[in-house]
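Single-structure report; data block below.
The values are calculated or read from the model by the stated rules, or taken from the named source; none is laboratory data. Keep in mind that this is a model prediction, so the values were computed, not measured. Glycine also receives a Cβ, built like all others from the backbone with ideal geometry; neighbour counts cover every protein chain displayed. For accessibility, only protein heavy atoms count, side chains too; no ligands or nucleic acids. Shrake-Rupley method; radii C 1.70, N 1.55, O 1.52, S 1.80 Å.
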Amino acid sequence: LSVEKYLNQVVEYCGKLVYPIYSNGIRELILKVVRQFLMVAGLALAGVASANGEKVVASDVLSVVTADWNGDGSMDRALLVANHEADMADLLLYLGNADNTMTLALNKKALVWKGALWGTLPSLALSGKESLLIKSANDAIGRNRWSQTLTVAYRNQAFVMAGYTYNEYDTLEPNAKG
C-alpha cells in the first residue's frame, strides 16, 4: 500500500468519524486540517528525495501545497524546505504520476529568505487560478519591513515565473513610500 493511498484512506476514515457530529462547513475545515497534517506526516513516513538523492526531513518542511498544475488528474505537490547552509528556503516541485508516485520537476535552491521569527518565515499558497504563490517577508525585525510574492505557473509543460510583487515600508516613517 503506497503512502498516498494510505493517507487517502485515513482522510476517508476521518470523514466518516466527523460526518454525524459537525455541520458541512466545520466538517470540511476539519478534513482540510487533517489532509494538511497527513501530508506533512506522509513526508516523514515516506521520505521525499530531493534532486541530489538526499531525503527531506519533515521538520525542515516550512510549507506544502497540492494542486493539479499540469491537468493530468494526478495531484502535484510543492514543498518549501529550510536550507540550513544559508538563511534561505528551497523550493521542490513534484508532478504526480498515474501510479501515485511523484517525479521531481524543479528543485530551486535558496529561492527565498527565511528568518527564524514569526513574520519572517516563508510560505506557499495557491492563487485563484491555481498558480503557486511563494511568499516571504520581514514583518518582525528592524525598521524596514518588506514582503514579496513570487508567482509560479505551469505553462507549456514547464514551471515559469509568472509574476513578482514587492512591498516595503518604514516603521518610523509610515507616510514614506516604498
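For the full complex of protein chains and a 1.4 angstrom probe, list S147, S136 by accessible area with the highest value first.
Numbers: S147 40, S136 5 Å².
Listed by decreasing accessible area, they come as S147, S136.
With a 1.4 Å probe and all protein chains in place, put V57, V152 in order of accessible area, largest first.
Largest to smallest exposure gives the sequence V57, V152.
Please compute the net charge surrounding A89, taking Lys and Arg as +1 and Asp and Glu as -1 over other residues with Cβ under 10 Å from its Cβ.
0
What number comes out for the charge environment of M161, summing +1 per Lys or Arg and -1 per Asp or Glu over other residues with Cβ under 12 Å away?
+2
Can you give the net charge of the other residues whose Cβ lies under 15 Å from the Cβ of G142, counting K and R as +1 and D and E as -1?
Taking every other residue near G142 into account, the sum is -3.
Is the C-alpha gyration tensor of the stretch 61-171 telling us rounded, prolate or oblate? Criteria: a/c under 1.5 is rounded; beyond that, a/b larger than b/c is prolate, otherwise oblate. Intermediate values should be presented prior to the final figure.
On the way: a/c = 2.66, a/b = 1.83, b/c = 1.45.
Prolate, since a/c reaches 1.5 and a/b exceeds b/c.
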